[in-house]
Structures are given as structure tokens and as C-alpha cells.
Amino acid sequence: MVNELKLFLTGFANGFREDGYSNIVNPPKKFGEIASSLNKKRIRNHNRLIKVINERTDNISPR
């Protein structure tokens, strides 16, 4: 939703420029950027899951 709104506003603003729609196309990501960003998200979510599991087990059986 946010990306569509951003593209719409960018296109609308570029329509008033002399050189036209020059900033609409985003540059493609370099090789490996997608894989590294997905891996970072996977690790972050896995760490959040481990944190929640540890909190729940500590609440069930305190040390």
C-alpha cells in the first residue's frame, strides 16, 4: 500500500518536471542483496521466536 502511494506521488510530482518521469524506475538490486536481506529477516524473526519461547518457559517453570 505504501509503495503504491509512493509511486503514485512520485509520478504525480514528476509529471510537472521538464524532463518528465525520470525517477519512477528504481534501480535493480545487486546480485546477492535480495538473499542477504532475506537471510537477515529470517535470522531476526528466528531470534524473536527463541526469545518468546524462552520467556514462556521461564514463566511456566521458574528457576
- Taking ASN14, is it polar (S, T, N, Q), in contact with a Phe, Trp or Tyr (Cβ under 6 Å, 6 or more places away or on another chain), at pLDDT below 80 and surrounded by 10 or more Cβ atoms within 10 Å (Cβ to Cβ)? yes
- Task: List every residue pair whose Cβ atoms lie under 9 Å apart, where the two residues are 6 or more positions apart in sequence or sit on different chains, the first residue falls within segment 28-47 and is free of Cβ contacts under 8 Å to residues at least 60 places away in the same chain, and the second residue, located anywhere, is not in a helix (DSSP H, G or I).
- Result: SER37/LYS29
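Results for (1) in a helix (DSSP H, G or I); (2) exposed (fewer than 10 other Cβ atoms within 10 Å of the Cβ); (3) modelled with pLDDT under 90, shown as yes or no for each residue.
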{"site": "LYS6", "(1), (2), (3)": "yes, no, yes"}
{"site": "TYR21", "(1), (2), (3)": "no, no, yes"}
{"site": "LYS51", "(1), (2), (3)": "yes, no, no"}
{"site": "ASN59", "(1), (2), (3)": "yes, yes, yes"}
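The values are calculated or read from the model by the stated rules, or taken from the named source; none is laboratory data. None of the values given here were measured: they were computed from a predicted structure. Positions of Cβ are generated from backbone atoms using ideal geometry, with glycine treated the same way; all protein chains shown enter the neighbour counts.
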